[in-house]
Amino acid sequence: MGKLRGKAAMGAGKLVTQCLVGSMLVAGILVLTSQAAAAAAQTSSGSVTCSLSGVVRFSPPLSRSGGGTHASRVTASLSYCTSNSGIVESLSSGRLRGVFASSPFSCSSSSQTGAALSGVVRWQGTAWPHGGIGRTTVEDGGAVGSFPGGAVVSLQVPAALSGCAGGKVRSAIVSGTISIGQECAGVDGPITVYPMVPPICGAQNYMPTSITTGPDGALWYTTNRNNLIGRTTTAGVTTLYPLPYLWDGEWGNGGITAGSDGALWFIANSGLAIGRITTSGSVSTFPLPSGVGLASAVTSGPDGAMWFTTNNNAGPNAIGQLTTSGQMTMFTDPSLGTANWNSDDHRYLWDITSGPDGALWFSMEYASNEGQDWIGTISTSGAVTTYLLPFAAAPTALTAGPDGAIWFGTDAYGVIGRVTTSGVFSEFSDPSQIGQVLGMTAGPDGALWFTNYSVPGDTGFVPYPPIGRIATDGTITTYGNPYVEEGAMGITAGPDGAMWFSDHINDSIGRVSVP
């Protein structure tokens, strides 16, 4: 049904920023500077730069009549890559092997032209604090999963330079700095984009998923890659906290939540534990009992404890309660079924949230029989009640609405649901504005806000607007930004009266002004 379970891809090659190169040829040395870097400084709060030194080889050789019209090979060493955007990232070294699409140099005049840069950076050493040492692809045009690069270079030819005068300059030494990545513009209409590492967009090195507002007035979120918890202030400054274990969270709504103890709680260690992180970044974990399966979503309950859903491939699914002091209790019920795909009763528990009636509400898909899915409730004493959906749409993210009902998204592309605390359902359908809804929350304006997650290759893909708003009467409004892909996932009401969301595809956190 197009769900995200199992799509987490761990560890990608690591980052750098956009391409720095500009030049002056003095005694055969090309000093590279960047026109792109100047633009980045005007439109973002920081950048990541690496020192660069190497060689460019011209094809054919430069001469006063031209040359260098074919791709010119570049081999360079990169060292000490850092960011001034609120994140400090470091690499001991790396090597770039690539090409300029055509040489921007000319011996016949002091010209300045553009050149597309492509290649691969192979990182070396172990100084990168978040893992993922490997390769970074530099590709002009900004293909998904790679960093686009481009250079604007000027060349001055001293009269005494015998190489050009003689008609053949085959190579030159290059030095300076390099940034790799597509600059991410900030504001378009009501949406503001904050790249996790400005000014990079589209890197897919972090892939933020679930997001919530923390007790410190910042936005906290989980990431799909590189074992991190992220924190972004309302000014767009990001801090990343490494986790001490492998984690591949995939949730749009239920992966992280604020607890009653002033900390953030999240699904940890690929679902084998519940994690806790303080606002200063201290991490602790609470392992699930053996044999209960994997946790999928967590929320703060009306009793001050953390409540979470689990899916078990080898036994019954369960719902857990974890006090802030670390005491864990598991509740099971025949209606929760099992997550074993080989079972005739395969059920999958998705999200969980606190309801207006003092109970916990959860969404459950019945994968063995399309069109038979449930919204369920569990009391703080463990009593379970389930309500069968009267329409075919597997429920995903859910939240308590301002009207005293539970609202939920679906992966049916076009359907949002509502259920009263007595089990009466309503269906709101709009295939043009509702995609696969993986995030939903109540806004400060008395409406429900949701994310549309859909990327090319998914069944039923259309370019849905990434952010939607549905009033309690069913009126839908959507919002977009050209720098936001169709990968919006989690969404939360921010401390500043706006809505904040995670852009899973674009390594960004977004802010939507509430009308």
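Key figures
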{"item": "Where a label projected 7 Å from the Cα of residue 513 along Cα→Cβ would reach, residues of the range 486-504 with amide N under 20 Å", "result": "492-502"}
{"item": "Dimensions (Å) - the range 269-321, Cα atoms, principal axes, largest first", "result": "38, 25, 14"}
{"item": "Theoretical gain in end-to-end length, residue 475 to residue 55 [0.36 nm per residue, Cα-Cα removed]", "result": "145.2 nm"}
{"item": "Pairs of Cα atoms farther than 34 Å apart, the range 187-512, %", "result": "15"}
{"item": "Cα principal axis extents for the range 327-484, largest first, Å", "result": "45, 37, 33"}
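Read the figures in this text as sums done on the coordinates, not as results from a lab. Note that the coordinates shown come from a computational prediction; the quantities given were computed from them, not determined experimentally. Glycine gets a Cβ as well: all are built from the backbone with ideal geometry, and neighbour counts include every protein chain shown.
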